[in-house]
Amino acid sequence: MNDVQKRIILQNANTLEVNNLISLIEKGEISLEEFKQAGLTVDKIRQIEGQINLEAAKERAAAEIAKREEEERLAKFKIQEEKNEFLKKVVRKRVTVDEIRNKINNGYISFDDLEDEGISQRTINSIKYYSNSNRVTIFKKIDDLPPMEEGRTDVYFVGLPGSGKSTMLSGLLNVANKEGILLPDTYSNDGAVYQTQIVSDLSRGVLPNATASGSYNYVAMSLNDENKKKHPFNVVEVPGELYVNMFNNANVDDLLKYIKNSNKKILIFVIDSLAHDTNYADAKSALDQSLVYVNILNMFKSSGILNQTDAIYLVANKFDAIKESRYDGDNRPDVDLAYEFLNEEFKNLLNNCTSIRDESKNKFKIKILPYSIGKVSYEFIVEDFNRNYSSIVINNLIEDSFVVKGGKWGLFN
């Protein structure tokens, strides 16, 4: 547009339609200010300003919508990427079942996603059971426990937090139940409920909850031997924190008073061999078990508990893990490997056991046993329960209880 054309339009601006004027303004050929100076009527000026503002608002709204849609697209893409990364960790077993449960509860992933990633239906069912069941351990202070019935063999699981005491007990009870030799006793109703709970958990592929800090479990039960003779047991599960207190010389008189009776006893020292072999990198307790258990053993000695003890089992728990790493390709029997491991890493504990026995009138047995619950993934899911280790421990308990004497795998007998 030349100056002559522009001058003519400005002179005749009031005769032009508002839309034509807006078109000239939007093209940048004539500004609204120039139209005002040329005498454009107030009414047309208002119409132009109103429509220009409306269009600008529409443009801003459209731009905002486009921005929001792009942000949502990027957010969805990021969420999908994070979801894919999490599912990769699930496949590689680099997450815990609690993390999986939280993601499912938040709608982040679904059980169908797990199935699509090739997770077995058995494992998915175990995760569902873990997520949906109300697995509350009965909380019992030691003063709340019933007195231990006389005429039984008392069995104590000794171990630090996370060593696997509850897991081992669940394995023993599960196998005894499967083999039809478990006879639950009604002497301790709460113990019977707890026993049922942990047997059910393992049957569904889930490890039991750890014993709560400050809480004790007492299970009265019996096992039948091959001759149908009944072997009654008092099984006492003590929180790992109490053994930490023992090591730290805290007052544990309540426990010692409770367990000191005329019954014969079997002490099962549950040693977390994996934690020790990895220098306690991911352990719940960083205390060195090779030192802690020696202190606990000597406390049992000074309190007179060992005078009533028929056998001490030194159990290398989580043995399958160190067998794969430390003894990969070694075809020796598990008991030989467990002995070598404990002799190398817990020699002072072994020597203290033999020394105390040799100096005592009560020549209790000392046995070394390997143990593993089987293949565990996601921290609490049992993919493959190894019954063999539990069966061996059960056989030893039957043989060393007050009805039947003797035993197998007793390398220090």
For the stretch 319-383, which fully contained helices (runs of 4 or more DSSP H) count at least 3 residues that are over 22 Å from the mean Cα position of the chain (by Cα)?
-> 334-345, 347-359
Do we find a residue being in a strand (DSSP E or B) and either in contact with a Cys (Cβ under 6 Å, 6 or more places away or on another chain) or open to solvent by less than 40 Å² (accessible area, probe 1.4 Å) (or both) anywhere in the stretch 251-260?
-> no
Would you check which residues across the stretch 384-402 are assigned to a loop (DSSP other than H, G, I, E, B) and of a type outside the set (Gly, Ala, Ser) and list them?
-> 386, 402
Is at least one residue of the stretch 297-318 under 23 Å from the mean Cα position of the chain (by Cα) and open to solvent by 30 Å² or more (accessible area, probe 1.4 Å)?
-> yes
The stretch 294-318, residues that are in a helix (DSSP H, G or I) and touching a helix residue (DSSP H, G or I) at 6+ places or on another chain (Cβ under 8 Å) | 294, 295, 296, 297, 298, 299, 300, 301, 305, 306
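Results for (1) open to solvent by less than 10 Å² (accessible area, probe 1.4 Å); (2) over 24 Å from the mean Cα position of the chain (by Cα), shown as yes or no for each residue.
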| position | (1), (2) |
| --- | --- |
| 121 | no, no |
| 124 | yes, no |
| 176 | yes, yes |
| 182 | no, yes |
| 186 | no, yes |
Condition test on residue 274, is it touching a residue at least 12 places away in the same chain (Cβ under 8 Å) and either part of a strand (DSSP E or B) or open to solvent by less than 50 Å² (accessible area, probe 1.4 Å) (or both)?
-> no
For the stretch 362-385, enumerate the residues that are among the basic types (Lys, Arg) and in contact (Cβ under 8 Å) with a residue 40 or more places away in the chain.
-> 365, 367, 375
Strands (runs of 3 or more DSSP E) wholly inside the stretch 121-240 containing at least 3 residues that are modelled with pLDDT of 90 or more = 153-158, 217-224, 230-237
Only one of 383, 379, 324 is open to solvent by 20 Å² or more (accessible area, probe 1.4 Å) and on the phi > 0 side of the Ramachandran plot, namely 379
Do we have residue 51 as open to solvent by less than 80 Å² (accessible area, probe 1.4 Å) and at negative phi here?
-> yes
Considering only helices (runs of 4 or more DSSP H) wholly within the stretch 24-112, the ones with at least 2 residues that are outside the structural domain of residue 206 (by the TED database) and under 30 Å from residue 381 (Cα atoms) are 42-91, 97-105
First in the stretch 84-101 and open to solvent by 40 Å² or more (accessible area, probe 1.4 Å), second anywhere and assigned to a helix (DSSP H, G or I) and of a type in the set (A, V, I, L, M), Cβ under 8 Å, 6 or more apart = 101/127
Just a yes or no: is a residue in the stretch 151-173 surrounded by fewer than 17 Cβ atoms within 10 Å (Cβ to Cβ), more than 19 Å from the chain's Cα centre (by Cα) and assigned by the TED database to the domain that holds residue 396?
-> yes
Identify the residue in the stretch 1-25 that is without any contact (Cβ under 8 Å) to a residue 12 or more places away in the chain and among the charged types (D, E, K, R) and, among all such residues, is surrounded by the fewest Cβ atoms within 10 Å (Cβ to Cβ).
-> 3
Residue pairs qualifying under the 8 Å Cβ cut-off, at least six apart or on distinct chains, with the first in the stretch 345-358 being free of Cβ contacts under 8 Å to residues at least 60 places away in the same chain and under 13 Å from residue 301 (Cα atoms) and the second being open to solvent by less than 50 Å² (accessible area, probe 1.4 Å) and among the aromatic types (Phe, Trp, Tyr), are 353/412; 354/412; 357/364
Report whether or not residue 128 is over 17 Å from residue 255 (Cβ atoms) and basic (Lys, Arg).
-> yes
Any residue in the stretch 352-371 that is open to solvent by 30 Å² or more (accessible area, probe 1.4 Å), within 30 Å of residue 122 (Cβ to Cβ) and modelled with pLDDT of 95 or more?
-> no
One residue from 270, 292, 315 being more than 16 Å from residue 363 (Cα to Cα), in the same structural domain as residue 350 (by the TED database) and touching a Ser or Thr at 6+ places or on another chain (Cβ under 6 Å) | 270
Working only within the stretch 338-387, note down all residues that are among the acidic types (Asp, Glu) and closer than 30 Å to residue 209 by Cβ.
-> 345, 379, 383, 384
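The values are calculated or read from the model by the stated rules, or taken from the named source; none is laboratory data. Treat the numbers as computed from the prediction; the structure is a model and nothing was measured. We place every Cβ from the backbone using ideal geometry, glycine too, and count neighbours over all the protein chains shown. Heads up: the accessible areas ignore ligands, DNA and RNA and are worked out on the full protein's heavy atoms, side chains in. Shrake-Rupley method; radii C 1.70, N 1.55, O 1.52, S 1.80 Å.
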